Each structure stands twice: as C-alpha cells, then as structure tokens.
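Data first, discussion second: the structure below is written as structure tokens.
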Amino acid sequence: MTRPTILMGHGSGGRLTTELIRTAFLPHLDNPFLAVLSDAAVLPELPPGRPALSTDAFVVDPPEFPGGDVGRLAVCGTVNDVAMAGARPLWLTLAVIIEEGTPTEFVERCARSAATAAEEAGVQVVAGDTKVVAKGAGDAVFAISAGLGVVPPGRDVGDHRLESGDVLVCSGPIGDHGATIMAARHGLDSDTLTSDAAPVNHAVEALFEAGIEVRSLHDPTRGGLKSVTNEVADRSGLRIVLDEAAIPIRPQVRAVCDLLGLDPLGLACEGRFLSWVPAEAADSTVRVLAETAPGAAPAAIGRMEARPSGGAPVVLRTRTGGLRPLDLLSGTDLPRIC
Amino acid sequence: VRTMKNPDHVLSDPEVLRGLVDEITSLANRVGRPVAFMEVCGTHTHAVAAAGLRRMLPTTVRLISGPGCPVCVTPVTYLDRALALAELPDITLASFGDLMRVPSSTVTLEEARARGRRIEIVYSPRDAVNLARKNPDRRIVFLAVGFETTAPTIAAALAEAEADRVENFLILPGNKIMPPPMAALSADPDLNIAGYLLPGHVAVISGWESFRFLAEEHGLAGAVVGFAPADVLRGVADLLRQTVEGRCEIANLYGRVVDGTGNTTARTLIERFFEPATTEWRGFGPIDGSGLGLRPEWRHRDAERIPVELPDPVEPVGCRCGEVLRGVVDPPECPLFDAGCTPDAPVGACMVSAEGSCAAWYRHDRYGEVV
C-alpha cells in the first residue's frame, strides 16, 4: 500500500524504496530497459554518428507551476541540451531527491509528467534513482537527468561555425517559463501565463530535414537571451546585434516583468531555441519552425557582425532606434524598489 | 508603481522619437554651448539606459543621474543597523530585493543570509505583514527604504498591522523625501546643470507644485516627466526650450497622472504614521527634514529602538559615490569604476541597483561610442 507522504524510510533502500519505485515511477516510465531494475541499463548499439551526452539538475521553486513541474523540466531540459548539439536524443536517466514529508501523490505526478514529456520527445528514461533527505534539507523534489544522443554523420553544429552575416532565429516567444515561475512565486495569478517547457528536438530535426544549413543552436535557459547571446558572442569573437522590436515577447510576460521589475531578455525559457543560419536560409528557417516548434511565432531577431575593437559583444537596437550593449546579469535579477 | 501595459504605441514610436530628437538637436544648436540636465529619479536613469537614449542625443546635451536611486542613497549605517538586528535570534528581516547586495561596514544582506541570518525578499511591505502573521513567534522587521512612492505602501502595511493587531510587524525607518536633497543640490556651487528632469512617480504623490521652489528659489528649470522614451525626450526638449528662452519654470509633462497637489489620500496615510526627520544620505550626509521617522505613538513598531551593538561605520576607500550622486563627477572618473567595482562585485552603492548611475553607466556606456 502506498503511503500518503514520503518518509525517510522511502530512501532506505528497503521495502519502502521498492514500493515507491514500483507504484510511483514504473507505471509511468515503463520500458524494457528500466523494468529490469538492475544496476545499469544495458542498451542496444548506438546508431552511426558521434555520441552526445549531457546532464542537468533541476531545483525549481515552486516545483509545480502552470504548464509543468520539476519532472517535465528534467526531461525537456536535458532532451533540449542534447538536441542543441545537433544530436538526436535517445535515452535519459532520471534521479530524484525527495524531501521528507512531500506528498507521495506529488512525486507520482512528477514521474507522470516526466513520462509524458519523454513520450513527446520520443526518448526513453532507462535508469533512475531515488533518494530522500530530511525535511528542510531539500525542497519537495529535486531532479537530475542525463541524456545520451547521437549526432548523425555529416552534421557539425557549434559556435566555431558562426560567420559574420549569419542570422539568429528565435523559435518562439521568449520568457514564458521564467515569467510563469516568478508570477507563481509572488502569487500573481494569470490564466494566460504558462511555462513553455517542451521538448524541441523534433523542430530541430525538421530544420535539418528541410536541408537548412544550421550553424549553431542554443536554448536560452538560465539567464535567458542575455546570457546565451553573450556566451555565443564571446566564443565566436563576433558581435551579435539584436533587434528589440523583432524579439517575440507575449504581452502577459511583459506585464509580469513590468510589475516585478524584471527584464524579459533575462528570463529563462524551457521550450525555445535559437538557430544561427546563413542569411539566405533565415526565411525558410522561420517557415519550418512556424510549423514544428512549440509556441509558434518564430522570428529572425538578430545577426552576427564583425565586432569593432573594444566594442560590446551583444548590442540591442532598441525599439526606439537607439543602440545599447546587452550586458549579462550580475547574480540574480533582483526586483527594484520603485 | 508601474503600469500594466507599456504605453508603447505612441510613446516609443521610432517616428515620434526621431521627430523629438530633431527638435532637441535644433534647440541644442540654438543654445550653442554644452548643457547638462539632471534626471533625479533612478527609474529615469534606468529608462534612459534601457532605450539607449543617451546615444540619440546631440553630444552637447548631457544627462546626469541624480540622487533618486533609493539603494544608492541608503547609508552604510542603515545597513549596519539592519545587519545587527538580524543577529538577534527572534528577528527576521524583510527587504526589497535591491538592498540585498548593498555594501555595509561588514557584509551585505545577501552574504548574511548565506551565513544563516533570516532575511526574506519581499515585493511589497504587505508581504512582510503576512510574513509576520505566519511567524507569530518572530519579530519581522521590514527595511523601509524608498521615496514618496514607497512610503504610502509602507504606511498602508502599518495600518493593516494596526487594524489586525499584528504585533510582531516592525519597520526600520529609512524612507526619504526628494525636495530637501534637491534644495541642497541646487545650492551646491559645484553643480553645473541647467535644469531637472523631475521624478514623475514622486509627483503623483506630492503634486508637481512641490517642485516650484526649484524655479522660484534657485532659478532652475524643471520638467515633470513620465518614463516612456518619448516622455523623457519631451522633457529634454522642454528644458532646452526654457534655456533658449531664458525661462525657468516647472513644466508638468506627465499630466496623464500628475496634478498640482498630488494624492492627498496617500499623503494623509503617510502623515498618520510618519513625521519629518533628519536622515543621512550617502554622499550628502545628514539633511534636515529629508527623512520619514515613525511618530512617537507608533514606537512599538520602530525597530530603531531595539538596542543593538553597531560597528564603527566603514566607507569604502576611494569610492566617489557621493560625488557621483551629486552629479559632480561621472562614474568613470571614480578610480574604482570597472577597477575593483563592478555590478558583480559592487564596492559603492551606485554600482548595485540597475538604476544606480554607476551600474547604468557600466552596463550601457562603458563601451563609449563603439557600443
């Protein structure tokens, strides 16, 4: 019989642990590799190409929010990281650290939403682990996932390929996830605000299938568009000029940012990605993404240029026609007083 | 106070803005010499930077950031007292997020929290009242900083705590009001400005007439403006026109929300709880009547009355925040700017908040003309 709340005993490795895995996890994440519950999943041979491996930890507060929960995030986040390497994600591992006293039903809900996300992405969760920590030592559920995929032969995706003139296409409206989390934290109810957490690997594949020469891919997760563009500009030695008016941001996301004093360009997305493509491929990239990417409304939002000596790595052409550097966050984006 | 919808359409329409920039350029030519205006309010500093307005202006028109960034003018001694209170076992501090990284004589609130002190970030003073309700065995001390704009919400929180008898809700009074430091600035012979862009949000509460003394007593032009790019540019154009015509008046260009007398309900609420007090401003020192102290009948809510041991105040060596706040030097003239003092590791308070002059300069202007 399943207990209503997680006890320290659920992490003991004894009967309660087995019960938790069998009742909360296996019914949802069932597949032949996981079902044997052995020490390691032994997998079939990889398809041809270069393996791509990624891992990520998820400690979101609140652990459940409109449009998802930490389970869905753990799958989408890692699937998307693997896909950003140009790889086809195949298998995931999922470990959860549960705080004593968490409702068992919530743990099961996370497992179920992880399974749903895995199904959407077409990947299997083939190994897992559960640990329980004392009340106060965690926050409901922390999740850690790893993902393995394969970059098909002939594909080369990365910032080393970026050239001046390349166009940056954003797959959909940005900041939905970050705004949803901040709104939930501050008790701002909105019927229209939901996290964008979703796997994007199918949309990435669609770009390659359409024959588009994808030079680089990144997902604007932590730190949002600001961080990812600054990182890419740093690595490439070029500068990125973003067109503020072209960056898709939903009005409800803007409203939350206005209320809380946050910058939408610094908000995390969990189901959006940026593609760098040659200028002549920008239109077809937008077309393909309009049909395949979660969230719809893709847009070309900027381009790569040679960086003038001493110039800023990322420059924003503002809606008003001014230019300004787009700097990284320092620490967390703290709300302002007035 | 922020509006839910960006008044995007007209107020940040590139065509409209180009028209305003053309007007400003021709007025600046008529002035015929370099001229500087001070934007008093930190939200203006932020708005100017975020829209990239500085680069749209002619090089002879300079905008200087004034003392209207609440965290920037909060003195070291206020933070020292807050940190000392946090050492008491039954006290939880509740603070606006901006204050968390402001340097004190010892550590920041953020560092103190990492060391286990109980410090919570709240968005509204009423969140702090709720925190007090949820933790009846602890005293919740709200760090009451900000200007005329936050004072009414703090007074409302006090009123709520009184009405509902939430006895464990206290504040550490640190609120300030704008006119006294502006009077001090206007009398400063080092200050070389032709006029002020006046804080629209403050004027919503206090009314634009509260700034008339600037024109009447100090002979300085002023324009009360809103926070959209076109608002700011209209203000600059108005100040230039006053300069050209040799006038000095207070123009209210934010008529959609500001009137002459302001919000009397808010002011009545403030007066119920607060009275004028001498308070210290970082960069200015103590200024008579520039602060809001709790009236004696609310002393049970006054955390300043809790005895604590305070360290000797330590101001960062070399930091020129004070002169930056008075508009006497630009941030890069400080020896610490981008050399030991950055938004990642701020030494002076002006480098902390996004609306601090140094932080805004660091983020938006340190690349100079290269962008």
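From the square roots a ≥ b ≥ c of the eigenvalues of the alpha-carbon gyration tensor of segment A:42-91, which class results: rounded (a/c under 1.5), prolate (a/b over b/c), or oblate? It is prolate, given that a/c is not under 1.5 and a/b is the larger ratio. When the alpha carbon gyration tensor of the protein assembly as shown is reduced to an equivalent ellipsoid, its three semi-axes come out at 47, 34, 20 angstrom, largest first.
Rg and Dmax of chain B, based on Cα coordinates, read 20.7, 66 Å. In straight-distance terms, cross-link reach from B:Lys134 covers every one of the aspartates and glutamates whose alpha-carbon lies under 17 Å from its own, apart from those fewer than eight places away in the same chain; here that gives B:Asp90, B:Glu120, B:Glu160, B:Glu162, B:Asp164, B:Glu167.
For chain A, the fraction of C-alpha pairs more than 26 angstrom apart is 50%. Amide hydrogen proximity for B:Ala36: with H placed 1.01 Å from N in the peptide plane, the residues at 5 or more positions away or on another chain lying under 5 Å are B:Arg62, B:Ala194.
Helices in the protein assembly as shown, meaning DSSP H runs of at least 4 residues, each add -39500 (n - 2.57). Divided by all residues, the mean residue ellipticity at 222 nm is -9500 deg cm²/dmol.
Segment B:211-358 gives an Rg/Rh value of 1.03, both radii derived from C-alpha positions and Rh following Kirkwood. Working from label points 7 Å from Cα in the Cα-to-Cβ sense, the B:Arg299 to B:Glu160 distance is 2.8 nm.
Seen against the Cα atoms of chain B and their longest principal axis, helix B:229-245 is set at about 60 degrees. The C-alpha atoms of chain B define a longest principal axis, and helix B:14-31 lies at about 70 degrees to it. Whole Å is fine, so just give me how far the alpha carbon centre of segment B:203-245 lies from that of segment B:40-86. What the calculation gives is 18 Å, centre to centre. If you take the Cα centroid of segment A:168-222 and the Cα centroid of segment B:274-330, the two points sit 45 Å apart.
No value in this document is a laboratory result; all are computed from the given coordinates. These figures come from a predicted structure and were not determined experimentally. Methodologically, a virtual Cβ is constructed for each residue, glycine included, from the backbone with ideal geometry; neighbour enumeration extends over all protein chains shown.
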